[in-house]
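The structure appears right after this line, and notes come after that.
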Amino acid sequence: MSAPQIPKTQKAVVFETNGGPLEYKDIPVPTPKPNELLIHVKYSGVCHTDLHAWKGDWPLATKLPLVGGHEGAGVVVGLGSNVQGWKIGDYAGIKWLNGSCMNCEQCQHTNESNCAEADLSGYTHDGSFQEYATADAVQAARIAPGTDLAEAAPILCAGITVYKALKTANLSAGEWVAISGAAGGLGSLAIQYAKAMGYRVVAIDGGDEKAVFAKSLGAEVFIDFTKSKDIVADVKAATNGGAHGVINVSVSEKAMDQSVEYVRSCGTVVLVGLPAGAKISAPVFDAVVRSVSIRGSYVGNRADSAEALDFFSRGLIKCPIKIVGLSELPSIYDLMQQGKILGRYVVDTSK
Ligand code: 8ID
Ligand code: ZN
Ligand code: ZN
């Protein structure tokens, strides 16, 4: 393939300060380091994490100024001098984990996202809300030729994360999994991965539209947190004694506390959503006597990523996307803040 024409400048959404103006403007196209790919990002999913990054509400500083975004799907247009195993024209994905040291104990054990030196797309490294972005060639996701890049984008964070979280719940086929925050970006994929892995799904979220949506994706039961008088009792009743596993993808501390109560004895509560400043509290007596596990789960490693993409490529996961122009990103943050999003918004970087 002949070398693509790479412009000197490009459109991006940038903020200078956390919570400050989100500016759609021209910035220079980045130059890949020796270990990096230059990817022409065609589409990027918008994750709730991007909203946290913009607000700066986590105890981890972002780079500033910052280009957010970490669900970027595009085409390789440039190769750093040390890059191996990629060629111009390959489809590539920008994930949350842009790169890690590959030498520390966590990296040696393939827990690369737990590396203390992890470089994070759209957080410590300019991400996919721009037309051209750089990504470590070792961590960039390989996307099969011919894939619909808009549909694939949400797999790069939401898909990988919920797939890994479901593995962390350590369930057997036929068991019940409760998904709290089920109609959002992560939740809408979690329902489908859970079904594909053979589990029965209780979806928890708020509103009639979200109920219809969650059921259309495969949830057997929907519990509305805005209407239920007793969520714990409702989940226990629906699952004949409690969910065997819980995937917490809501942005709610209260929802997480409730999940420790409705999980079945010997079951696993998986924490994924990251509400600012939240703490989880559980009665120790109960946690011991019912032998409940509470586990955090943070994106996934390269194998989890490849497996999550494989479920998608085999047609088992349909990303419920709405596509808008990159210039409309601020309005997506508004909708997300209000909890009004069904599934995932994907931005087209050319508009
Ligand atoms: O690796 C990780 N751990 C990881 C990866 C990616 C994202 C963690 N996250 C975090 C994000 O930073 C965010 O905190 O997961 C959380 C969810 O991300 P998202 O799915 O992208 O957010 P969303 O699309 O806004 O969906 C959130 C859903 O939660 C529901 C909302 O109605 C929405 O549908 N929800 C809320 I807010 N409160 C609820 C409650 N009390 C609730 N659902 C049930 N009960
Ligand atoms: Zn994300
Ligand atoms: Zn490391």
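The values are calculated or read from the model by the stated rules, or taken from the named source; none is laboratory data. Bear in mind the structure is a predicted one, so any value in this text is a computation, not a measurement. Glycine gets a Cβ as well: all are built from the backbone with ideal geometry, and neighbour counts include every protein chain shown. All accessible areas refer to the heavy atoms of the entire protein, side chains included, with ligands and DNA or RNA removed. Shrake-Rupley method; radii C 1.70, N 1.55, O 1.52, S 1.80 Å.
Is it the case, given these coordinates, that L37 is outside any strand (DSSP E or B) and surrounded by 14 or more Cβ atoms within 10 Å (Cβ to Cβ)? Judged against the criteria, L37 is not a match. Residue-level analysis places G72 outside the set of residues that are within 16 Å of ligand 3 (Cβ to nearest atom) and in contact (Cβ under 8 Å) with a residue 40 or more places away in the chain.
Report whether or not W96 is away from ligand 1 (no atom under 16 Å from the Cβ) and at negative phi. So W96 fails the test.
The rows are residues; the columns are (1) out of contact with any strand residue (DSSP E or B) (no Cβ under 9 Å at 6 or more places or on another chain); (2) closer than 18 Å to A158 by Cβ; (3) surrounded by 20 or more Cβ atoms within 10 Å (Cβ to Cβ).
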site	(1), (2), (3)
K63	no, no, no
L66	no, no, yes
W96	no, yes, yes
M102	yes, no, no
E105	yes, no, no
T124	no, no, no
G127	no, yes, yes
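Of the residues in segment 164-173, not one is within 16 Å of ligand 3 (Cβ to nearest atom), within 17 Å of D304 (Cβ to Cβ) and assigned to a loop (DSSP other than H, G, I, E, B). Output the residue which, of all residues in segment 335-351 that are assigned to a loop (DSSP other than H, G, I, E, B) and within 24 Å of D205 (Cα to Cα), is nearest to the chain's Cα centre (by Cα). By that ranking, first place goes to G343. Of all the criteria given as (1) among the small types (G, A, S); (2) open to solvent by 10 Å² or more (accessible area, probe 1.4 Å); (3) in a helix (DSSP H, G or I), the one not satisfied by A53 is (2). The residues listed here are E112, E117, E105; of these, the one that is touching a Cys at 6+ places or on another chain (Cβ under 6 Å) and either within 16 Å of ligand 2 (Cβ to nearest atom) or not polar (S, T, N, Q) (or both) is E117.
Counting only residues that are in a loop (DSSP other than H, G, I, E, B) and either β-branched (V, I, T) or touching a Phe, Trp or Tyr at 6+ places or on another chain (Cβ under 6 Å) (or both), which one in segment 72-131 is farthest from P4 (Cα to Cα)? Among residues in segment 72-131 that are in a loop (DSSP other than H, G, I, E, B) and either β-branched (V, I, T) or touching a Phe, Trp or Tyr at 6+ places or on another chain (Cβ under 6 Å) (or both), the one farthest from P4 (Cα to Cα) is T110. Scan segment 77-92 and tell me whether some residue there is within 16 Å of ligand 1 (Cβ to nearest atom), hydrophobic (A, V, I, L, M, F, W, C) and open to solvent by less than 40 Å² (accessible area, probe 1.4 Å). Checked segment 77-92: no residue is within 16 Å of ligand 1 (Cβ to nearest atom), hydrophobic (A, V, I, L, M, F, W, C) and open to solvent by less than 40 Å² (accessible area, probe 1.4 Å). Of all the residues in segment 10-27, those that are open to solvent by 60 Å² or more (accessible area, probe 1.4 Å), touching a strand residue (DSSP E or B) at 6+ places or on another chain (Cβ under 6 Å) and touching a residue at least 40 places away in the same chain (Cβ under 8 Å) number 1. In segment 234-334, counting only helices (runs of 4 or more DSSP H) that sit wholly within it, the ones holding 3 or more residues that are open to solvent by less than 40 Å² (accessible area, probe 1.4 Å) span 253-262, 302-313.
Reported count of residues in segment 164-180, each being open to solvent by 10 Å² or more (accessible area, probe 1.4 Å) and more than 13 Å from ligand 2 (Cβ to nearest atom), is 9. The numbered conditions (1) open to solvent by 50 Å² or more (accessible area, probe 1.4 Å); (2) out of contact with any Asp or Glu (no Cβ under 8 Å at 6 or more places or on another chain); (3) within 16 Å of ligand 1 (Cβ to nearest atom); (4) not aliphatic (A, V, I, L, M) are all true for E112 except (1).
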